[in-house]
Each structure stands twice: as C-alpha cells, then as structure tokens.
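Comments concern the structure below.
The values are calculated or read from the model by the stated rules, or taken from the named source; none is laboratory data. Just so it is clear, the structure is predicted and the values come from calculations on it, not from any experiment. Because the Cβ atoms are built from the backbone with ideal geometry, glycine has one as well, and the counts that use them run over all protein chains shown.
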Ligand code: PGA
C-alpha cells in the first residue's frame, strides 16, 4: 500500500475542510484501498472533526504534538488528546517546526515517545537544507536526524518522510534518482528495526507524483501545497 498524506499546514477553516472532504469523497468514490493507496489528511486542530470521513476512507493525522504528556503547558496539545480527537498519525519534526520553532533532536525524541504512549504512528520528517545538499552532506544530515530513533521501539510502526528543505514549497522537486538514493539510505540506516515506510515530500504535484513513486524505494508522498485542492490531491493519490 502506498501512503498519501495531505499536510494542510496553517490553512483551512472548518467550513473549507468540510467542503474539501465532501469533494474529495466524491472524487475517490468507495475509497482507494483497492487501488493500493492509504489516504491521510492532516488538518489543523480546529478542523480535525470537519475533515473526518464517516466512511473511514481516509484517516486523520495531526501536524504536531506536545513533548509533554500533560500539565501546565499553555497552548500545547498532547498526543493523547490528538488520539482522542481521532488521529491515527502524527507528523513530527517537520522542517518548518525545526526551523521556525527551534525544534531539535532531544525535543523531537520526547515527542516521538509521547506518540508511542498514545498509540499514534509518527510520520517523522527528515531532510537536508540547500546548503547541506550542495555541500554533499545529505547522508550526514539524515543519519544525524534519524539518530533519535535509536530510542524508539524497534517493532513499532513508523513512517519516515524524506523532505529536502530546498524542495518544500519551492516548486523544485528532488529527482526520482535523488529520492531513491535518500530512501535507500534511510532504509539502510533503519535496517535494524521493523518495517519502515519511507515517503517523499517537497513540491509533489499531480504531474510529478508518478515519476517519484516509479522506483521501488518510495512508499508514498507527504503533500503540502498540492493537497489543498481536493482535485489535485486525488490526482496525486491516483498516480
Ligand atoms: P509542499 O510541502 O508540497 O508544499 O512542498 C510539503 C511539506 O512541507 O510537507
């Protein structure tokens, strides 16, 4: 099964999420299990309910969780609360969280642990910046970012999203070959644990999705901008 995750970031009111869900539901009809695609929407907290599918054709993810389980942490939402609100997955360590909110390895390790306690499957994001890419440091960076998984339960389900920072929201996609290389490296670095699904993210569109998925290593896509329209996300899932 290929996994397709729509990361809406800070977009969509509840009414907009409801309209998306209605249109997306029509586009995918009875669902895409038969076509070998598992679908996930990651709306903002406020739109989780509005984005839910009563028929279960897609699951929900949250875009972040708190590093603490509970307590006096104003403004935070715990992994247990996300699970209680219907999330099956949680995006952890997105490059925007790393960059704008200063999230680093030790903090992300705690977030992963909270996901496990709550039964959420993490979609752990890794990826190098443009400077790191140009300096040939991709392998180094990925192995550093994946290091925190050594403390994660080796038999627990895990999704890793390779999202080169230079490809996110830029219209510049990694080449299918780059993608395969990164996914192969991630698989090798995590070979001592149970099955890991590796996604690619960064300017995925209906036009380039099939090419990115064509080689064996990539198990799906994490889609930002092109997931905001039901029609284009459905087209990517069909790819
Ligand atoms: P993008 O975002 O598809 O808009 O590049 C991907 C992501 O940040 O997950």
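If you go through the stretch 208-239 and keep only what is within 11 Å of the ligand (Cβ to nearest atom) and either buried (at least 22 other Cβ atoms within 10 Å of the Cβ) or without any contact (Cβ under 8 Å) to a residue 12 or more places away in the chain (or both), you end up with 209, 221, 222, 223, 224, 227, 233, 236. For the stretch 67-179, the helices (runs of 4 or more DSSP H) that sit wholly inside it and include 3 or more residues that are touching a helix residue (DSSP H, G or I) at 6+ places or on another chain (Cβ under 8 Å) and farther than 18 Å from residue 204 by Cβ are 79-84, 105-118, 138-146. Pairs are defined by a Cβ separation below 8 Å, a sequence spacing of at least 6 or placement on different chains, a first member in the stretch 159-173 that is closer than 13 Å to residue 218 by Cβ and in contact (Cβ under 8 Å) with a residue 60 or more places away in the chain, and a second member that is within 9 Å of the ligand (Cβ to nearest atom) and in a helix (DSSP H, G or I); the pairs so defined are 163/95. Total residues in the stretch 57-94 satisfying the condition of being surrounded by fewer than 19 Cβ atoms within 10 Å (Cβ to Cβ) and in contact with a strand residue (DSSP E or B) (Cβ under 6 Å, 6 or more places away or on another chain): the figure is 2. Looking for something away from the ligand (no atom under 16 Å from the Cβ), in a strand (DSSP E or B) and either crowded, with 18+ Cβ neighbours inside 10 Å or at pLDDT below 95 (or both) - is there at least one such residue anywhere in the stretch 199-207? Checking the stretch 199-207: not a single residue is away from the ligand (no atom under 16 Å from the Cβ), in a strand (DSSP E or B) and either crowded, with 18+ Cβ neighbours inside 10 Å or at pLDDT below 95 (or both). State yes or no: is residue 186 farther than 30 Å from residue 30 by Cα, within 15 Å of the ligand (Cβ to nearest atom) and within 16 Å of the chain's Cα centre (by Cα)? Against the criterion (farther than 30 Å from residue 30 by Cα, within 15 Å of the ligand (Cβ to nearest atom) and within 16 Å of the chain's Cα centre (by Cα)), residue 186 does not qualify. On inspection, residue 174 does not qualify as more than 16 Å from the ligand (Cβ to nearest atom) and either crowded, with 17+ Cβ neighbours inside 10 Å or at pLDDT below 95 (or both). Is the stretch 30-37 home to any residue that is within 16 Å of the ligand (Cβ to nearest atom), in contact (Cβ under 8 Å) with a residue 40 or more places away in the chain and in a strand (DSSP E or B)? For the stretch 30-37, residues within 16 Å of the ligand (Cβ to nearest atom), in contact (Cβ under 8 Å) with a residue 40 or more places away in the chain and in a strand (DSSP E or B): absent. Note on the stretch 182-207: residues that are within 26 Å of residue 145 (Cβ to Cβ) and without any contact (Cβ under 8 Å) to a residue 24 or more places away in the chain total 2.
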